[in-house]
Every structure is written in C-alpha cells, then in structure tokens.
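See below for the structure under consideration.
The values are calculated or read from the model by the stated rules, or taken from the named source; none is laboratory data. Note that the coordinates shown come from a computational prediction; the quantities given were computed from them, not determined experimentally. Every residue, glycine among them, receives a Cβ derived from its backbone with ideal geometry; neighbour counts consider all protein chains shown. In case anyone asks, the SASA skips ligands and DNA or RNA and just uses the protein heavy atoms, side chains included. Shrake-Rupley method; radii C 1.70, N 1.55, O 1.52, S 1.80 Å.
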Amino acid sequence: MARKKKYTAAVIGTGRIGFTLGFDKKREQPASHTMALVKNRRVHIVAGCDTDRSRLERWADYVGNPSCSTEVSHLFATVKPEIIVIAVNEDSHLKVAMDAINARPKLIILEKPVALNLKQGGELKFAAELRKVPVLVNHERRFAEDYRIAKDYISKIGAIQTVNARLDSGLYVYNPEKEASGEYSLLHDGTHLVDIVMYLLEGNEISKEPVLRDIKLSSVYYDKEKPEVVRNVTVHCRSDKCNDVNLFFSGRSRFFGFEVEVIGTEGRFKVGNGIFEFYTRKESKLYTGFYSLLPDKTVKRPKKTCYFSNMVKNAVDFLDGKAALKSNLQTGLNALTVLEEIKKHF
C-alpha cells in the first residue's frame, strides 16, 4: 500500500491557542493548533512565526528543528507550507491573513473570529476567492463530538419550540473603546455562541447567510460607572426552524460558562462546557394519561469531544478531496453579521 502524502504546515502565532494551551492538564488534549497538528500523522510542521522571540524558541524546541521567523513576510519568503495556521490576536487577523493568502497555500486554518468586523471579513473573503485559497475557520464546536450528537438528536425532539444559549464571563460584553483590539466577550467568545446556535439550526449544507434574523434586544445592562460599556445583554431572534431563539451574554459573572439548550415538542437537550443532558418524551411516572420528559439513557457522553483533532482531520480530508470544510469563511462571516447586528442596538 502506497504511503499517504504528508502535508507541510506553518503556525503563525505560538501563544495560547497556537501552542501553550497544549500544556493545560485540565483541558481535553490536544487543546492547541500545534499539538493537534503534531498528533495528526498526515501533517508535518515545517515553520513557525511569532513576534515574541522567546516564545517562538520554546515552540521550536517542542516541534523540533522547524524554520522560524519573527516576521511573516520573511517566513513566507523562505518556506512554502501547504497549510498555514493563523493563531494571532484579533487585531492582527487582517494583515497576517492577507499575507498568508498571498502566499497561496493549499489551505489556511484561521482562528476565530474571522476578523474584527464584517468589513475586514469581507476583504479577506474577496482576497481568498481571488487567489483561490480555501479557509477553514476554527469555530471549534462545529467539530466536537458532543455537539455533533446534539445536532443529530434534533430530529428526535419534534418541532423546535425554544433555543436558549448563554455565555457567562467577567469580561464586559461590549466596550466601544476596544473596537480596535476586539477585547470584549461579544466578539471573543460570543462568536462561538452565535456560530454553534446557527450550526444546530442550519441544515446539512452551510447557509450562505445567517440563519438567525429579526434580532432585537430583550434587555441590556450598562456599566454604572461607564454607561457606554455593556455588561449584560439578552437578545431575541428567530430562524426558519424556531421563532424563539434567546442569546444571553453576561459580563458580570464570576465564572465562565457556555451552554445551549434546545427544547422541542417531544424532547430537549442541553450541551455546553461540562454539560451533556438529553431528554425524551415517555409515559409519565407521576400522572396517569400524561407524558413527561425523562433522561434518554441511549445517548452516551463521548469520552473525548475531539474538537481540535477533528478540526485538523477535516482539514486533511478536505485536502485529500474526501470532504468539504465544516467551517469556512462563510460561517465566520455569518457569525460576524449577527454580532454586528446586535451591536447596532447598543
């Protein structure tokens, strides 16, 4: 049997999501781009780039003799990787992604969110299509086994009545002073919440426009000392599958939480960080002639969600011509469109 081709890869950004989260003993591993690439036998890391030289050197020691540079332009002048991973801060996405597109790799893996705003995202899409460079956006929950199980379960809960999704953190939901850096939770983690709700509600094909629409604010809580800063917001919207979709973003919580609940006419489920609950309609044990929702013991929690491993596998399968990308620039732009529509109401 002929040996399968290995794809060469470069990692731009060797910070947390690019590298160091791979050492977090509490996280499911692999938890960074570098560790996920190393784990996949079809990928060979040949280069890396980071403006922090000491951080880059630590990464290089782990990977083993890659080509390294603190300048993206210099790196692309010396190596021609087939896969380019972009794991830099949001405010650097546009420039680095443009440089990567111009290098014309076979695939770019772009960390979420696509860009700081929809205008920049549109520029990236135009350039990528012009250069015919495909882009996989790492909205990681689209690749996770627990959310895949949830999406498959939707067909078993009847008509969808309500979707409740919430993100809790201590980072302000929105601060207009941070537009240039993207340091607010509506963008940083909110992009995950919006994207996964759309993933659960869309069909088998990626929608060319957001499936969430008619966006309205149910409530908003502004910071008492800085009235332009949003600390909490509840958003109501709808889709073709559900007329009652509620998104809650908290920037006042002293914990981090992420969860999505979908309630149908014959069942419901809730998935999220550490949450995996599925219920189905059965004859009630409490009332004669009634039905209740009871835990569905046929649904088993996966031992590992494989969110990062599955993402890299999807990239390899795509390059092999075996699969379409499960998350791309269009899904990323769809999420940005919804987030910008929410911001218009602040």
## Note on the structure
Residue pairs qualifying under the 6 Å Cβ cut-off, at least six apart or on distinct chains, with the first in region 53-70 being over 12 Å from Ala10 (Cα atoms) and the second being charged (D, E, K, R), are Leu56/Asp50; Thr70/Arg53
### Considering residues of region 170-187 that are touching a Phe, Trp or Tyr at 6+ places or on another chain (Cβ under 6 Å) and in a helix (DSSP H, G or I) only, the residue nearest to Phe258 (Cα to Cα)
Leu186
### Task
Would you be able to say whether some residue in region 271-283 is out of contact with any Gly (no Cβ under 9 Å at 6 or more places or on another chain), in a loop (DSSP other than H, G, I, E, B) and under 30 Å from Pro134 (Cβ atoms)?
no
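For region 285-316, name all the residues that are in contact with a Ser or Thr (Cβ under 9 Å, 6 or more places away or on another chain), surrounded by fewer than 16 Cβ atoms within 10 Å (Cβ to Cβ) and either at pLDDT below 95 or β-branched (Val, Ile, Thr) (or both). Outline the logic, then answer.
So the first thing to find is which residues in region 285-316 are in contact with a Ser or Thr (Cβ under 9 Å, 6 or more places away or on another chain), and the list is 285-286, 290-296, 298-299, 308, 311, 314.
Applying the additional criterion that residues be surrounded by fewer than 16 Cβ atoms within 10 Å (Cβ to Cβ) yields 285-286, 290-292, 294-295, 298.
The answer is Lys285, Leu286, Thr298.
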### Query
Which fully enclosed strands (runs of 3 or more DSSP E) of region 82-169 have 2 or more residues being open to solvent by 10 Å² or more (accessible area, probe 1.4 Å)?
160-168
### Task
Kindly indicate which of Ile101, Ile83, Ile149, Ile109 is touching a residue at least 40 places away in the same chain (Cβ under 8 Å) and more than 18 Å from the chain's Cα centre (by Cα).
Ile83
### Message
Show me the strands (runs of 3 or more DSSP E) found entirely inside region 3-80 where at least 1 residues are modelled with pLDDT of 95 or more, closer than 17 Å to Val316 by Cα and small (Gly, Ala, Ser).
### Response
7-12
### Task
Could you please find all residues in region 214-236 being free of Cβ contacts under 8 Å to residues at least 40 places away in the same chain and open to solvent by less than 50 Å² (accessible area, probe 1.4 Å)?
Thr234
### Query
Looking at (1) crowded, with 19+ Cβ neighbours inside 10 Å; (2) of a type outside the set (Lys, Arg); (3) more than 15 Å from the chain's Cα centre (by Cα); (4) under 30 Å from Lys106 (Cα atoms), which is the only condition Leu339 fails?
(3)
#### Entry: Within region 307-335, tally of residues that are in contact (Cβ under 8 Å) with a residue 12 or more places away in the chain, out of contact with any helix residue (DSSP H, G or I) (no Cβ under 7 Å at 6 or more places or on another chain) and part of a helix (DSSP H, G or I)
6
### Query
Any idea which residue in region 21-50 is most open to solvent (accessible area, probe 1.4 Å), counting only those that are in contact with a Gly (Cβ under 9 Å, 6 or more places away or on another chain) and not hydrophobic (A, V, I, L, M, F, W, C)?
Gln29
